[in-house]
Structures are given as structure tokens and as C-alpha cells.
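K.L.:
Please see the structure below; I have some questions.
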Amino acid sequence: MADLAAHVGVSRQLVSLVLRDAPGASAETRRRVRAAAKELGFSPHVGARSLRRARSKDLGVVFAPAHSTEPEIVEAIYPAASALGYDVMLSAQTSTRSTDEAVDELLGHRCAALVVIGSTVDLRAIARRSHVPVVDVGFGRPNRYYDVVRSSGDLGIEQLVDHLADLGHRGVTYVDPTSMPPGALRRRGYERAVDRRGLTGDLLPVPGDYAAADYFSEAGATAARSLLDRPELPTAVIAPNDDTAVALLHTLIRHGARVPEDLSVAGFDDAPIARTSSVDLTTVRQDPAHLGAAAVRAAVRRVQNPDLHPRETVLDTSLVVRTSTAAPRRPRPRSRTAGQHVESAG
């Protein structure tokens, strides 16, 4: 600012007024200062500016880049935060970096609130030690420590089961990546729907590390191989996220199964890969824009009113029907040759 002041020939205090859009400078001075700032390549020191504030205007966001839906939620958080006058600071959770480490980084930057997307850890301890509002995005139950923003994942899975039952499927296999944070909720929706429709249930659990970049893809491939080892394929399979469903679909097709002719496959999220013409996956959409905006509103609500209690926000899902599901057909005989899963000639 001293350089700008000298360049324009005004005081540093006047430059500060212009850069802060504060009253006290004429229109001509504002024009000259802003033109000089552009000419000299001036940009404000965000860290220094935040230190001078009485209250932080930064929202810290913890997310796992490996999961396809989380970057979409992050993308939606930016405009929602900007509209309320807040900036966004990101910290990644990876297979080599824990949620606690990501949170500590954000707290070190004096963030006003924390938004944690898809974490497997108990956020009560984080909420108690952070002394700022915490929002859990993806799953969780109402509690007195942190806000919860989630989709109605159980009802979304019920929609899928109903869709398949209406097509004529009498049994539905459910692939269950057991370490997925909202997995238990979505599994309950499957179990309720199967019981309500009088269908044959078939739960296929797949363990693994949620933080691993390839967990969901490997879960889908592992589930597909398990199904191919059976004497007969099921007529319909649901996975509780699209990455698992797509890996399952590709593995089945690679070994000779036809989708949806031999079996229907459905997922959850409506991730970008599900919308591609080569996949065209029937799925349940949880809108990332709504999740991101709701998370920002929940955080800012308690930043501005610290005495308010945390609450739960549940957002509706919607069924998206594409070509990966169809009415069941009579299963074709299958055989195994040289250790490979192939179709028989008949």
C-alpha cells in the first residue's frame, strides 16, 4: 500500500480506504488507486487481513479428493460461502493424512467454522476441542456437539428397490462397502424395502479402507467376482455409491455378462461417471449443490449465533432411471472355462 500511495501521490491511509471500499475517498481518487493497483499487480495479503478482523470470515472444509462426489460438494460450497461474505479454506483427508491432521491445519488458520465431508471419525471430540461450529456432511445423527447435513440416503435406496420390484425383480442383491460412512443408513433403507416388498434379500459386504483412493472401485470389482463365482447371477444388484456400481458393471461385462439383459445394476449419488453415455447408470441423485449450500448455512448460522444448538438437515433425493436397469429375463446357462468367467454357447 505504501508503494501504491507513492505511485499515485496520496496517503497510505487513503489507499487503504479505497482498497477496503470504505467511505472518505473521491471517485477520481478511487479510479486512480485501482488503476495503479492493477498496473503494479497489487493483491491484498489475505492472511494479514484476516488477522486484523475481530472475527474470522474463513470456513474450513475437510474433504477426501479421492471420492467423486466430495469435490462436487466443495465446488458448491464456494459460491454459497461467498454469497454470505465468507471465504473457503480447504484441507484434504487422504490415505496418508488423517481427519485430525486436516482439522488441525484449518484451526491453525483461525477458521470460523469447520465443514467435514464424509469423515469416518467421531466428530464429537473434534467439536469439543475446536471451539468453533462443526458441520458433518454426508451422514450422522442429531446430537448436541455438531450439525449434520445429509441426504435421505435410506429413502433413496428404498426408491431403487421399489423401482426394481416394479420392473418384476423378485430378489435384489445389495453390495455393502462396510467402511463407507453413510453405509449403515443406506443399508437400513435396503433392508426395509426388501422386507416391505416381500423380496429375497442378498447382502454382499465388502470390507476395506474408506480413505484409500481405490476402495470403492475395488469393492465393486470384488463384489462382481463374488457374484460370478455363483452358479447363477442375480437379476438385480444395487451398490450404495456410483463408483462401486460402475466398477461392478465393468467387471461383469468384461467377464461376459450383459447389463441389463442378464442383470440390472444401479447405484447412488448420480456422480459424473454415472451420466456418461458409456455407463448410463440408473441411480439416486443427491444434489451436491444443495448439500454444499446447506452445509454453509448451517456453519454460518452458528458462527453468527454461537448460543444456537446444532441441528440436522436432511435433503431429499430423486430417482434417475437410465438404461442399466430393465425387467428381468430368463437367465442363460453359464460355464467357467480355464479359470475365466464366460458365457456358454447355448
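K.L.:
Hey, rough spin-label estimate for Leu167 and Ser11, points 7 angstrom out along Cα→Cβ, what's it come to in nanometres?
P.N.:
7.4 nm
K.L.:
Taking the Cα centre of region 199-243 as origin and charging only Cβ (+1 Lys, Arg; -1 Asp, Glu), how large is the dipole, in debye to the nearest 20?
P.N.:
Dipole of region 199-243, to the nearest 20 debye: 160 debye.
K.L.:
Okay, moving on. Taking K and R as +1 and D and E as -1, what net charge do the other residues with C-beta under 13 Å from the C-beta of Arg275 add up to?
P.N.:
Charge balance near Arg275 sits at -3.
K.L.:
Please give the calculated 222 nm ellipticity per residue for the chain, where each DSSP H segment of at least 4 residues contributes -39500 (n - 2.57) and the sum is spread over every residue; nearest 500 deg cm²/dmol?
P.N.:
Result for the chain: -13000 deg cm²/dmol, rounded to the nearest 500.
K.L.:
Rounded if a/c is under 1.5, else prolate if a/b is larger than b/c, else oblate: which is the chain, with a ≥ b ≥ c the root eigenvalues of its Cα gyration tensor?
P.N.:
The shape class here is prolate.
K.L.:
Taking the DSSP beta bridges in the chain as the whole, what percent of them are antiparallel, to the nearest 5?
P.N.:
About 20 percent, rounded to the nearest 5.
K.L.:
Need one value: the accessible area of Ser226 in square angstrom, 1.4 angstrom probe, rounded to the nearest 10.
P.N.:
50 Å²
K.L.:
I've got another one for you. How much accessible area per residue does the chain have, counting only protein heavy atoms and a probe of 1.4 Å, in square angstrom?
P.N.:
Dividing the accessible area of the chain by its residue count gives 47 Å².
K.L.:
From the square roots a ≥ b ≥ c of the eigenvalues of the alpha-carbon gyration tensor of region 178-240, which class results: rounded (a/c under 1.5), prolate (a/b over b/c), or oblate?
P.N.:
Oblate shape, in that a/c is at least 1.5 and b/c is the bigger or equal ratio.
K.L.:
Now for a separate question. Place +1 on the Cβ of every Lys and Arg and -1 on the Cβ of every Asp and Glu in the chain, take the dipole about the Cα centre, and give the residue among Leu319, Tyr86, Leu19 whose Cα lies farthest towards its positive end.
P.N.:
Sorting the options by dipole projection puts first Leu19.
K.L.:
Quote the charge dipole size of region 153-285 about the Cα centre in Debye, to the nearest 20; the model charges only the Cβ of Lys and Arg (+1) and of Asp and Glu (-1).
P.N.:
The dipole of region 153-285 has a size of about 180 debye.
K.L.:
With the full set of protein chains in place, find how many percent of the accessible area of region 2-44 is carbon and sulfur; take the probe as 1.4 Å.
P.N.:
So the carbon and sulfur contribution to the accessible surface is 52 percent.
The values are calculated or read from the model by the stated rules, or taken from the named source; none is laboratory data. Small disclaimer: the values here were computed from a predicted structure and weren't measured. Methodologically, a virtual Cβ is constructed for each residue, glycine included, from the backbone with ideal geometry; neighbour enumeration extends over all protein chains shown. For the accessible areas, the whole protein counts, side chains as well, though only heavy atoms, and no ligand, DNA or RNA atoms are used. Shrake-Rupley method; radii C 1.70, N 1.55, O 1.52, S 1.80 Å.
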